[in-house]
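One structure is given here, and the rest of the page talks about it.
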Amino acid sequence: MINKNVKELVLWRLETSVPEHFKLSVGAKGSFTKKELKEHIQKEDDIGLAFVDLQLNFIKALTNGEFSKSLAE
């Protein structure tokens with residue numbers, strides 16, 4: 001189960017930072033539109049959990065400086 005606050009944060013990031021024409025490819029599972037990703041997050045299925053995990057890892061990299069450090073290399 002995804003924490004309510006985390007789910008809201010990921011849905012907000014998806015809504016505000018991802019263009020409507022965006023598609024995310026998830027290996028053999030296929031490609032997903034922004035709308036489909038929202039549905040998967042709401043359902044908390046494998047695709048939704050994977051996207052939440054991806055976003056949390058990105059946010060952690062931003063906050064601890066790993067993202068900036070990798071850009072500087």
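Any read-out appearing in this document is the output of simple, stated calculations on the displayed coordinates, not a laboratory observation. Owing to the predicted nature of the structure, the values given are computational and were not obtained by experimental measurement. Here the Cβ is made from the backbone with ideal geometry for all residues, glycine too, and neighbour counts use every protein chain on show.
Taken along the Cα-to-beta-carbon direction at a fixed 7 Å, the label points for Ile2 and Lys34 span 1.6 nm. Helices in the chain, meaning DSSP H runs of at least 4 residues, each add -39500 (n - 2.57). Divided by all residues, the mean residue ellipticity at 222 nm is -21000 deg cm²/dmol. One decimal place: the segment Glu44-Glu66 gains 5.1 nm when fully extended, by the rule 0.36 nm per residue minus the C-alpha distance. Compactness of the chain is given as radius of gyration and Dmax, 13.0, 38 Å, from Cα positions.
Bridgeable lysines around Lys4 (alpha carbons under 29 Å apart, same-chain partners fewer than 8 residues away excluded): Lys23, Lys29, Lys34, Lys35, Lys38, Lys43, Lys60.
Each of Thr63, Thr33 was scored by other Cβ atoms within 10 Å of its Cβ. Arranged with the fewest first, they read Thr63, Thr33.
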